[in-house]
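The values are calculated or read from the model by the stated rules, or taken from the named source; none is laboratory data. This one's a predicted model, so the numbers in the text were calculated from it and none came from an experiment. Cβ atoms come from the backbone with ideal geometry, glycine included; neighbour counts cover every protein chain shown.
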Amino acid sequence: MAQKKSSEKTPQKKKKVEKKEEEEQPEACGHEEHEHDETCGCAESEGVVFKNNPARSYALFDIWFESLMQTIDEQVVPEPNKREMLFLTLSNAMLDMLMDILPEDLSQVVAENLDDYLAVTHVNKKYGVDLLATFQEEFMAKHGDNFDDDEKLRDTLLAFQESYWNGKRKDLSDKSPNEAVEEVFTRYKLN
C-alpha cells in the first residue's frame, strides 16, 4: 500500500483517560438483552453515533479527497488497480484516525473487537455461514430461554460457548469455529 504523504503533525502520545465520578446511569445496551425504554439510552446513543455520519463524510471529503487522489494519481499502478489502492489507502487512513483519536485503552479494545469482527465475517463469507446466528439458534434449540436465575443462564451459556467455538463442524469443513477464525488471524496477521 502507498505510504501516506501528509504535512500534518505526528500524533502525540495517547493519554489515559481519567474516569470521572458519574451519576448512576442505566446499564448501557450491548451487555445484556433487555426491554428498550426511555431510560436505557440505546436510541439516544445510536442517534449520536450514527446520525452525523453523512456530515462527517463530507467533512472528511474536504480534508482528504484532494490529497488522497493526488497520492493515488502519483502511483505507477495499472488503472484497474487504482480503485483497489484507493480503497486500501482510504480504509487505512480511517482506521489510523479512529485509533488515534481514542484513548489508548479504548483503542486497544476497539482494535481487538474489529479484528474479531473481521475474522468472523471472513469465516462467514468463506463457508456461507453466520456463526453468531447459528450459535444463538443452536443454544435456543438445545436450552431454550427459560432459566431459574441468571447464574444458571450464565453457567449454561459458558458451557455451550466452550463446546460451540471449539467443536468441529461439518459446515466449516470439519474445523471448529475457533480454528477457522484463527486461520483468518494468521492469514491477515490480525489480533
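Selection of first residues in region 103-127 that are more than 13 Å from PRO177 (Cα to Cα) and of second residues that are loosely packed, with under 13 Cβ neighbours inside 10 Å and modelled with pLDDT of 95 or more, restricted to Cβ pairs under 8 Å at least 6 apart or on distinct chains, gives the following pairs, ordered by first then second residue: SER107/ASP100; LEU118/TYR188.
In summary, ALA55 fulfils each of the numbered conditions (1) under 27 Å from LYS189 (Cβ atoms); (2) modelled with pLDDT of 65 or more with the single exception of condition (1).
Selection over region 144-186 of residues that are loosely packed, with under 11 Cβ neighbours inside 10 Å and touching a residue at least 40 places away in the same chain (Cβ under 8 Å) gives a count of 0.
Does region 97-106 contain any residue that is touching a helix residue (DSSP H, G or I) at 6+ places or on another chain (Cβ under 8 Å) and in a loop (DSSP other than H, G, I, E, B)? Yes, some residue in region 97-106 is touching a helix residue (DSSP H, G or I) at 6+ places or on another chain (Cβ under 8 Å) and in a loop (DSSP other than H, G, I, E, B).
Among residues belonging to region 71-96 that are part of a helix (DSSP H, G or I) and polar (S, T, N, Q), point out the one that is farthest from TYR188 (Cα to Cα). The extreme case among them is THR71. For region 142-151, state whether one or more residues are among the aromatic types (Phe, Trp, Tyr), assigned by TED's automatic domain parsing to the domain that holds TYR117 and under 16 Å from ALA119 (Cα atoms). No, region 142-151 contains no residue that is among the aromatic types (Phe, Trp, Tyr), assigned by TED's automatic domain parsing to the domain that holds TYR117 and under 16 Å from ALA119 (Cα atoms). The set of residues in region 103-117 that are under 10 Å from the mean Cα position of the chain (by Cα) and either over 19 Å from TYR164 (Cα atoms) or outside the structural domain of ASP171 (by TED's automatic domain parsing) (or both) comprises VAL109, VAL110, ALA111, GLU112, ASN113, LEU114, ASP115. Residues of region 85-127 being surrounded by 12 or more Cβ atoms within 10 Å (Cβ to Cβ), among the charged types (D, E, K, R) and out of contact with any Lys or Arg (no Cβ under 7 Å at 6 or more places or on another chain), which ones? Residues satisfying the conditions are ASP96, GLU112, ASP115, ASP116, LYS126.
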